[in-house]
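Below is one structure, written out as structure tokens, with a few remarks after it.
The values are calculated or read from the model by the stated rules, or taken from the named source; none is laboratory data. In this text, all values refer to a predicted model and were calculated from it rather than measured experimentally. Every residue, glycine among them, receives a Cβ derived from its backbone with ideal geometry; neighbour counts consider all protein chains shown. Calculation scope for accessible area: heavy atoms of the full protein, side chains included, ligands and nucleic acids excluded. Shrake-Rupley method; radii C 1.70, N 1.55, O 1.52, S 1.80 Å.
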Amino acid sequence: MKTGLVLEGGAMRGLFTAGVIDVMMENGIEFDGGIGVSAGAAFGCNYKSKQIGRPFRYNTAYARDPRYCSVRSLLFTGDLYGAKFCYDTLPNKLDRMDVETYLANPMKFYVVVTDVETGEPFYYDLQGLDEKDMAYMRASASMPIVSRAVEIDGHSYLDGGISDSIPLKKFEEMGYERNVLILTRPAGYRKTPTPQIMDRLLKKYPAVAETLKNRHIVYNQTLDYIEERKQAGAAYVICPPQPLKIGKIEHNPEVMRNVYYQGRREAQKHIPAVREFLRRAKEEV
């Protein structure tokens with residue numbers, strides 16, 4: 001029975017996820033596959049490359065660098081998070097991804113993007129870390145309004161969280177029957193409707209706007225499904241004990257540090273139970 005790791009997005013709330021996955025890697029927790037959305041993709045790929053601490057390190061190091069995230073970048077490039085810096089300069093020069101380890105690790109890793117023409121999710125197997133793979137990773141984290149759509153093979157994509165924020169059902173369909181989920185909202189959270197102004201702001205992407213209208217319904221239905229799978233022993237959830245005090249955009253390294261260490265502390269509480277959950281999954285046929 002294959003085991004999976006499902007990583008929700010949430011922009012800088014993803015530093016909670018970074019803390020959790022670092023502790024799991026330090027404890028030798030392994031999965032057959034992982035799937036990430038937005039920040040869950042950008043940070044979660046480091047699980048496959050086994051680079052403990054990397055997302056926390058580069059986020060705090062470049063928190064105030066205008067090339068990384070700034071209004072200046074948005075005005076001059078169309079992307080709040082600088083595409084060239086975040087998906088080329090940073091992983092290839094400043095804080096390099098370990099491509100050799102990534103390729104050698106048998107763990108699969110998928111990212112979720114949203115097709116802007118249909119508003120539907122697309123799931124991409126991030127087999128390596130070449131230019132095309134990095135484009136899909138960038139697309140998964142390209143928030144509407146503050147990012148350009150990413151063009152890949154004749155299609156345009158935006159943030160995967162628009163269409164499938166927590167892709168548990170899809171991962172189960174792909175054969176991952178027992179999954180650990182890292183969520184960035186506390187237990188009991190319920191999403192509210194998207195403000196109507198998004199229709200006007202996204203008039204260039206009507207299918208995306210339509211998907212966002214129903215996002216809260218789909219998201220809350222997914223939370224209900226996750227609870228069903230927990231009760232069935234097929235899902236294990238790690239989430240913050242209370243709302244994370246960090247915005248989608250954050251330039252204060254100390255705020256980042258606090259959220260990251262919340263993730264680490266929470267993960268340490270769960271390690272014995274996660275081990276047992278995965279042990280039982282491997283024993284089932």
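Points worth noting:
- Verdict on Leu74 being of a type outside the set (Lys, Arg), open to solvent by 10 Å² or more (accessible area, probe 1.4 Å) and part of a helix (DSSP H, G or I): yes
- Residue check for Gly161: buried (at least 24 other Cβ atoms within 10 Å of the Cβ) and not aliphatic (A, V, I, L, M): yes
- In a residue-by-residue description of the range 77-89, the property of being in contact (Cβ under 8 Å) with a residue 40 or more places away in the chain and over 22 Å from Met143 (Cβ atoms) applies to no position.
- Residues within the range 173-197 that are in contact (Cβ under 8 Å) with a residue 24 or more places away in the chain and either more than 17 Å from the chain's Cα centre (by Cα) or over 29 Å from Gly4 (Cβ atoms) (or both), tallied: 10
- Scan of the range 100-150 for residues that are of a type in the set (Val, Ile, Thr) and over 21 Å from Phe76 (Cα atoms), ordered by number: Thr101, Val111, Val112, Val113, Thr114, Val116, Thr118
- Here the strands (runs of 3 or more DSSP E) wholly within the range 120-161 that include at least 1 residues being farther than 19 Å from Lys203 by Cα are 121-125, 150-152.
- Residue in the range 175-182 that is assigned to a loop (DSSP other than H, G, I, E, B), at pLDDT 95 or above and touching a strand residue (DSSP E or B) at 6+ places or on another chain (Cβ under 6 Å) present: yes
- Applying the set (1) open to solvent by 10 Å² or more (accessible area, probe 1.4 Å); (2) over 17 Å from Tyr68 (Cβ atoms) to Leu7 leaves exactly one unmet item: (1).
- Top-ranked residue of the range 217-269 - restricted to ones that are part of a loop (DSSP other than H, G, I, E, B) and β-branched (Val, Ile, Thr), ranked as least open to solvent (accessible area, probe 1.4 Å): Ile246
- Just one residue in the set Met97, Met107 is aliphatic (A, V, I, L, M), surrounded by 15 or more Cβ atoms within 10 Å (Cβ to Cβ) and within 30 Å of Asp224 (Cα to Cα); that residue is Met107.
- Among (1) open to solvent by less than 30 Å² (accessible area, probe 1.4 Å); (2) under 19 Å from the mean Cα position of the chain (by Cα); (3) of a type in the set (A, V, I, L, M) - the single one Ala209 does not satisfy: (2)
- Answer residue from the range 42-66, given it is open to solvent by less than 10 Å² (accessible area, probe 1.4 Å) and in a loop (DSSP other than H, G, I, E, B) and is modelled with the lowest pLDDT among those: Ala63
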